Amino acid sequence: MAKKAYVDEDECIGCESCVEICPEAFELTDEMKAHVISEDCAEECIQEAIDTCPTECIHWAD
Ligand code: SF4
């Protein structure tokens, strides 16, 4: 089963890094907060977004 990711929106600063790295998986809201729109993206792609998020607010769900 694919791992699920989520964004802690309170910590997100809307830098768009995750959206640039993994546009199939992340989208910014009008409030400039990222959220996960699809889990179909490659796990490696989401992991790269996690590793490069400046506020470390993208996490894998348990
Ligand atoms: S990389 Fe992190 S801080 Fe930047 S938009 Fe994505 S979730 Fe928000």
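By how many degrees, 0 to 90 and rounded to 10, does the Cα axis of helix 43-52 deviate from the longest principal axis of the chain? Helix 43-52 sits at roughly 30 degrees to that axis. For the peptides 22-29, 3-10, 53-60, residues were scored by their other Cβ atoms within 10 Å and the scores averaged per peptide; the highest-first order is 22-29, 53-60, 3-10.
Based on C-alpha pairs under 8 angstrom that are at least 6 apart in sequence, the chain has a relative contact order of 44 percent.
Database remark: amide H of ALA34 closer than 5 angstrom to the amide H of GLY14, THR29 (H placed geometrically; neighbours at sequence offset of 5 or more, or on other chains; Pro and chain starts carry no H).
Taking the alpha carbon gyration tensor of the stretch 12-62, multiplying each eigenvalue by 5 and rooting it gives semi-axes of 15, 12, 10 Å, largest first.
Summed over qualifying helices (DSSP H, 4 residues or more, each -39500 (n - 2.57)) and divided by its residue number, the chain shows a 222 nm mean residue ellipticity of -6500 deg cm²/dmol.
Bear in mind that the values in this text are calculations on the coordinates, not laboratory data. Fair warning: this is a prediction, and the values are worked out from it, not measured in the lab. A quick note on method: Cβ atoms are made from the backbone with ideal geometry, for glycine too, and the neighbour counts reach across all protein chains shown.
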